[in-house]
1. Calculate the length of the line joining the C-alpha centroid of the stretch 78-106 to that of the stretch 405-428, in whole Å.
2. Between A323 and E158, what is the label-to-label distance in nm when each label sits 7 Å out along the Cα-to-Cβ direction?
3. Where does each of 263-274, 288-299, 350-361 land if you order them by average Cβ count within 10 Å, highest first?
4. Once you list every other residue whose beta carbon is under 10 Å from the beta carbon of E205, what net charge do they have if Lys and Arg are +1 and Asp and Glu are -1?
5. Sticking to Cα atoms, compute the Rg of the chain to one decimal and its Dmax as the biggest Cα-Cα distance, whole number, in Å.
6. With labels modelled as points extended 7 Å from the Cα through the Cβ direction, what inter-label distance (nm, one decimal) is found for E36 paired with D175?
7. Please give every one of the aspartates and glutamates within straight-line cross-link reach of K308, meaning a C-alpha to C-alpha distance under 13 Å, and leave out same-chain neighbours fewer than 8 residues apart.
8. If you put +1 on each Lys and Arg Cβ and -1 on each Asp and Glu Cβ, how big is the dipole of the chain around its Cα centre, in Debye rounded to 20?
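FYI, it's all coordinate maths here, none of it is from the lab. What you see is a predicted model, and the numbers here were worked out from it, not measured in a lab. Ideal geometry is used to build each Cβ from the backbone, glycine not excepted, and the neighbour counts take in all protein chains shown.
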Amino acid sequence: MTRDINDQLQELVDWENGLIGPEIFINDDIYRRELEQVFGRAWLFIAHDSMLPKPGDFVNTYMGGDPVLAIRQKDGSVRVFLNACRHRGMKICRAEDGNARNFMCTYHGWTYNTAGELINVPNLDTAYFNDLDQKRWGLVEVAQIDQYKGMWFATFDENAVPLTDFLGDMTYYIDSWVDRTPGGIEMLPGVIKWTIHGNWKLGAEQFGGDGYHAIITHASSLGTFDPGFLRDIQGIEFASRQGHGYSMIFDRMTRFADDPLGRYNSDQFDARLERLGEDRANTVGNFTVFPNLSGLPGSANLRVWHPKGPNEFEIWSWTIVDADAPEEVKRAQRTSAAFTEGAAGVVETDDGENWDLIGQMLDRGTQTRKMAWNYQMGHGHETDHDPVYPGRVLRNYFGEGPQRTFYRRWLEFMTSEEWPVAPAVEPERHEHEATAMGAGIGPRAAAIM
Ligand code: FES
Ligand code: FE
């Protein structure tokens, strides 16, 4: 890239016309900038309360490219530190999760307590002549941490807006699955992790809005156990000005199977209706919280897309259940989630094949990188003033509004020096005015590099 990178990014991400240049999925410079500008500043999902029940409980995860440790403190709070020793940068903890009183670096033995303080330095007297000021060499801590209904998020940027502002109108939709019983949700122990050779945004954008792919990509797997899924599908698409997206299918919770899960959902139905109202209780969906938290509440699946390079990402996937559900139901939910959306799930493998092949083509080709992709579905048919649902809403299950706003938000993070504050709602605009848009190879997105 020789021209100013901001100009090039503006050309690549023509979200207004629904055109994206796929260079953003493969370019090394863009990827490095993304780690700094997006993952270095946005609120990122860290862990759920249920993963850290006791003081000393920890979870090892990533914020973008950086390993971090989330640790439950004695006072009940959660703190998040870089999992990197202040001496030579070695990881101080290599376990995925557990309970600890302190963390000893296995390189030279510097040791930190759960509050991140450096509490022991081998040979402090004979090697350092007692000159090292230990208080100054504690673990590096994130700038902010906060939680929404038990979901902990952190950011490296002290200028980031409060978490509730960052989530914005997405909380209305998140509540439809984190808050459907008084006990909230629980994430069952055991995260499933696997690697895809593609760009992390392919997963994030699909979960925010792409119900369209299910008709073809999942024709065999979904048709196997629910032929009705592909016919007469009714729902909405929600696109948040903050970059989040939710695709919601109506009338899904009224078809109860005669098994532990079906009977549980049937028993719960009236209580959920009262708690959430019929606009949310009788729905399932798929969503993305910008940038890299996604889920399929209907399949009890929550996941993070961890970037591992421009053309590689890891999926970390958990089963979520109602915390106060019977054990039999939790077991059934875990089996069902693994069967459909686990690493070898009948649905999940369909998606991975798409992302992997696209990644291969972008990696090996040159001309395919110059061809703009089409994100024009439903453009101009959305409203910012739906009488029921907050945010920009399309009264149709199929659309690409969430993807357009995801990339709009991504572009704002990538190109702004200040933390990119977005308005809570869109200003007035003409609705239902379909815009005449360009052909598949857009003049802006194609004229790149
Ligand atoms: Fe950790 Fe040296 S790198 S003690
Ligand atoms: Fe899929």
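1. For the stretch 78-106 versus the stretch 405-428, the Cα centre distance is 34 Å.
2. Result for the modelled spin labels: 3.3 nm.
3. Result, highest mean Cβ count within 10 Å first: 288-299, 350-361, 263-274.
4. Every neighbour counted, the sum reads 0.
5. 22.8, 76
6. Placing both labels 7 Å beyond Cα along the Cβ direction yields 4.0 nm.
7. D28, E34, D66
8. The dipole magnitude comes to about 1040 debye.
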